[in-house]
1. Inspect all residues belonging to the stretch 3-20 and state whether any of them is assigned to a helix (DSSP H, G or I) and of a type in the set (A, V, I, L, M, F, W, C).
2. Any chance the stretch 64-78 includes a residue that's hydroxyl-bearing (S, T, Y) and assigned to a helix (DSSP H, G or I)?
3. Check off (1) in contact with a strand residue (DSSP E or B) (Cβ under 9 Å, 6 or more places away or on another chain); (2) at pLDDT 95 or above for D132 and give me the number that stays unchecked.
4. Of the numbered conditions (1) over 17 Å from P122 (Cβ atoms); (2) modelled with pLDDT of 95 or more; (3) exposed (fewer than 13 other Cβ atoms within 10 Å of the Cβ), E3 satisfies every one except a single condition; which is it?
5. Check V15 against each of (1) β-branched (V, I, T); (2) closer than 18 Å to D132 by Cβ; (3) out of contact with any strand residue (DSSP E or B) (no Cβ under 7 Å at 6 or more places or on another chain) and name the one condition it does not meet.
6. Taking the stretch 101-132 only, how many residues are part of a loop (DSSP other than H, G, I, E, B) and under 16 Å from I25 (Cβ atoms)?
Amino acid sequence: MSEDTSKGFWDDAEVISTYTRAQAIEDGVLVDVSAVAREAGIKFPVALTATVFGQCVEVPEGVIGQDESGRLWDILWMLRLAAKKGGDTVLFRLHVRSDNSDRTPPLVTLKAVCGPGDQGEPVITIMLPDED
């Protein structure tokens, strides 16, 4: 007697709820930066977690010589360089200025994960290493 293995474990499961990438962007949980990412040579849609955007893109009050577009560009450029190594998860580091001191800004580690979007298309999400 052979067992039918064509049926998946979850085939009869009831979906309780879903939360799409589009909903996360609409809710502000993710920040879509795909337009700038394309300018940086990244062909897949890219979003940052709100935490990364707040900590690394938004300019801290009183910090001079910085703007959000430049800080975002730095993140995307460093991702592009790190992504050349390949893989669906990439860790990369960059300096993020948090004050006006003359010392080198602190080094921040970010994680970029390439996975399926709402329609199964490849998308990239940049987050802190402890986020998922």
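1. Filtering the stretch 3-20 down to residues assigned to a helix (DSSP H, G or I) leaves none.
No, the stretch 3-20 contains no residue that is assigned to a helix (DSSP H, G or I) and of a type in the set (A, V, I, L, M, F, W, C).
2. Taking the stretch 64-78 first, the residues hydroxyl-bearing (S, T, Y) are 69.
From what is left, the residues that are assigned to a helix (DSSP H, G or I) are 69.
Yes: one or more hits.
3. (2)
4. (2)
5. (2)
6. Kept after step one, since they are part of a loop (DSSP other than H, G, I, E, B), are these residues of the stretch 101-132: 101-106, 117-121, 128-132.
If we keep only those that are under 16 Å from I25 (Cβ atoms) too, we end up with 117-119, 121, 131.
Total satisfying the criteria: 5.
The values are calculated or read from the model by the stated rules, or taken from the named source; none is laboratory data. Keep in mind it's a predicted model, so treat the numbers as computed, not measured. Methodologically, a virtual Cβ is constructed for each residue, glycine included, from the backbone with ideal geometry; neighbour enumeration extends over all protein chains shown.
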